[in-house]
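Notes to accompany the following structure.
The values are calculated or read from the model by the stated rules, or taken from the named source; none is laboratory data. Because the structure is a prediction, the values reported are computed rather than measured. Positions of Cβ are backbone-derived with ideal geometry, glycine not excepted, and every protein chain shown enters the neighbour counts. Accessible surface areas use protein heavy atoms only, side chains included; no ligands, DNA or RNA. Shrake-Rupley method; radii C 1.70, N 1.55, O 1.52, S 1.80 Å.
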Amino acid sequence: MFSLRRILGAAGLAAVLLVAISPAQAEKVAVTDVLGRKVEVEAPVQRVILGEGRQMYFVAALDRDEPFKRVVGWRDDLPKADPDSYKAYLARYPGIAKLPTFGGMKEGAFDIEQAIALKPDVLFLNVEAKIASDEASLVEKLAAVGIPVVYVDFREKPFQNTEPSMRLIGKLFGKEAIAEDFVSFRSAEIARVTERLAKAPNLKKPVVMIERAGGYSDDCCMSFGNENFGKMVEIAGGRNLAADLIPGTFGTVNAEAVVAANPEVVIVTGGNWSAYVPNGAWVGLGPGSDLPEARRRLAALAKRPAFVQTQAVKNGRVHAIWHQFYNSPYQFVAIQEIATWLHPELFKDIDAAATLKTLHERFLPLPYEPGYWVTVESRPAQ
């Protein structure tokens, strides 16, 4: 009998063996996105467009070794909304400076022709972009050339959609096991708070005012309804002042309502928004932030009319936390830190910084740097 080697020759045999041991070819998989849409995608995907640059928060957790290997284009928001994280990524992966960028769907600045030219396997959009994408008939236009759109959500209803979003992306990346590991880690860290609260006798839940992006503008006060940071407060054992005042996820509470409610705790979300509001009074937080300067800015915000006479300010229970916890799968870290602010005795052994460090060590490509929250100097009640 003739051997396979004699029939094919050495080169032909090598080619056969290469095919035999190569990864499985991409095949059509049917997935359901967070809007309940049935979508067929060639998976595992190799070329991805991120409809928001901050979607790197979940991409990095799944593709830790090469977080940008699938990204062929992304929205231009990360350097503006989270410049500290962008700089850290840029220092380690300088090639990202050359990635094609897009404007936002809401601003009507998304370039459909550019997206088609990049030949992506999938475009990820956040659910808040749906109205604008519908108006532009984006899904239909991309479908006509074989590019599927998948919606994910870590912002509008994160406690409903974070886990399904991570599992969905994990399936499309061929990283189901890592996605499940992340979901389990997240769930266990939240349970460290909720299980203890459930067993706490006669628990008093303090009234908490969450100010969204305090100091970003002169207005007071953007806040959260019964989702996002509003839900984080409830999970951490507090009562969100704005829960009954804001029907959706985001909205505004007027200063008079804050004064009347007299919150026991004030929490401001902050970030480095020098690209948007260079002279703003925002509290700069994020990896490697200047915490003394952040504390100074937080103390200044606490002197505004809406807050200055509240129990929170009088008792030194005024805090600030990284705004981007509201738009990432890392909300569990914020829950732990908020729990220590609301119930310091009950959670005196919880170290949210250690949890965040573990998150980086287990899942993320960048090393942990402190700078994600700050508290005004404590003072006794007057």
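Quick notes on this one:
- Annotation: residue 86 carries an accessible surface of approximately 40 Å², with a 1.4 Å probe and no ligand, DNA or RNA atoms counted.
- Helix-only mean residue ellipticity at 222 nm for the chain, each DSSP H run of n ≥ 4 adding -39500 (n - 2.57), per residue, nearest 500: -11500 deg cm²/dmol
- In this label model, residue 244 and residue 40 are separated by 5.2 nm, measuring between points 7 Å along each Cα→Cβ vector.
- Basic side chains Lys and Arg get +1 at the Cβ, acidic Asp and Glu get -1 at the Cβ, and with that the dipole of segment 128-247 about its Cα centre reaches some 560 debye.
- Centre separation in Å (Cα based) which lies between segment 80-109 and segment 330-345: 30
- Fraction of antiparallel bridges per DSSP, the chain only, in percent to nearest 5: 35
- Percent accessible area from carbon and sulfur atoms, the chain, protein chains only, probe 1.4 Å: 54
- Solution diffusion estimate, µm²/s, Stokes-Einstein, segment 151-304, Kirkwood Rh from C-alpha pairs, 25 °C, viscosity 0.890 mPa s: 141
- Evaluated at q = 0.12, 0.14, 0.15 Å⁻¹: base-10 log I(q)/I(0), Debye formula over Cα of the chain: -0.94, -1.23, -1.37
- Dipole of the chain [Lys/Arg +1, Asp/Glu -1 at C-beta], most positive-end residue of 125, 194, 36: 194
- Based on C-alpha pairs under 8 angstrom that are at least 6 apart in sequence, the chain has a relative contact order of 16 percent.
- Sparsely packed trypsin sites (Lys or Arg not before Pro) within segment 164-213, loop by DSSP, other Cβ within 10 Å at most 14: 204
- Overall dimensions of segment 125-176 by Cα: Rg and Dmax, Å: 12.4, 34
- Given charges at beta-carbon only (K, R positive; D, E negative), |dipole| of segment 241-382 in Debye: 340
- Taking the Cα centre of segment 267-347 as origin and assigning +1 to Lys and Arg Cβ atoms and -1 to Asp and Glu Cβ atoms, the resulting dipole is close to 340 debye.
- For the chain, excluding the exposed loop sites themselves (GluC sites (Glu not before Pro), DSSP loop, at most 11 other Cβ atoms within 10 Å), the longest remaining stretch covers 108-344.
- Candidate lysines - alpha carbon under 19 Å from residue 175, same-chain residues fewer than 8 apart omitted: 28, 69
- Whole-angstrom gap from segment 183-222 to segment 40-70, using each part's C-alpha centre: 29
- Per residue, in Å², the accessible surface of the chain once ligands and nucleic acids are set aside, probe 1.4 Å: 46
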